[in-house]
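The values are calculated or read from the model by the stated rules, or taken from the named source; none is laboratory data. Keep in mind it's a predicted model, so treat the numbers as computed, not measured. All Cβ positions, glycine included, derive from the backbone under ideal geometry; neighbour counts span all protein chains shown. Ligands, DNA and RNA are stripped out before the accessible areas are found, and what is left, the full protein with its side chains, is counted by its heavy atoms. Shrake-Rupley method; radii C 1.70, N 1.55, O 1.52, S 1.80 Å.
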Amino acid sequence: MIIFGTKGYLHQLAILTLVCGWCGNPAAHTLRKRVTKFTLFFVPLFPFSTKYATQCTFCGGEQQISQEQADRLLAQHAAGPDGAPQQPGSPQSGRSGNPYQR
């Protein structure tokens, strides 16, 4: 008997501030990548489906986007608000070096 099936993996790529298409509020959105892999005897072998989506943290609305749109959003997120690359802990990234400091 051969046991086969699928398994889904969800990867959070970034958290972006966007205007929601559902509620119209400027809110944080999670950019997610969902990969579905074919499994044989419970071992994931190869991906056969990859989908990207953004989800509003304010209303919960989710919107499917293409890979090109996801790549563009990631590039904008990495570039920061003024186009310069962000460094972890820099004032542009909104985080301090100390995770307990506000």
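Taken over the range 22-59, the residue count meeting the criterion of being more than 30 Å from Ile2 (Cα to Cα) and in contact (Cβ under 8 Å) with a residue 12 or more places away in the chain is 17.
Report yes if Gln69 is surrounded by 10 or more Cβ atoms within 10 Å (Cβ to Cβ) and either over 30 Å from Gly21 (Cβ atoms) or modelled with pLDDT of 90 or more (or both), otherwise no.
Working: surrounded by 10 or more Cβ atoms within 10 Å (Cβ to Cβ): yes; either over 30 Å from Gly21 (Cβ atoms) or modelled with pLDDT of 90 or more (or both): yes.
Yes; evaluated as a whole, the condition is true for this residue.
Of everything in the range 35-53 that is farther than 20 Å from Gln64 by Cα and assigned to a strand (DSSP E or B), the residue that is least open to solvent (accessible area, probe 1.4 Å) is Thr39.
In the range 23-34 there is at least one residue matching the filter, namely being touching a Lys or Arg at 6+ places or on another chain (Cβ under 7 Å) and surrounded by 11 or more Cβ atoms within 10 Å (Cβ to Cβ).
Of everything in the range 1-12 that's touching a residue at least 12 places away in the same chain (Cβ under 8 Å) and open to solvent by 70 Å² or more (accessible area, probe 1.4 Å), which residue is farthest from Gly80 (Cα to Cα)?
Going through the range 1-12, the residues touching a residue at least 12 places away in the same chain (Cβ under 8 Å) turn out to be 2-12.
Restricting the remaining residues to those that are open to solvent by 70 Å² or more (accessible area, probe 1.4 Å) gives 2, 4, 6-7, 10-12.
Numbers: Ile2: 50, Phe4: 44, Thr6: 37, Lys7: 34, Leu10: 25, His11: 21, Gln12: 18 Å.
The residue in question is Ile2.
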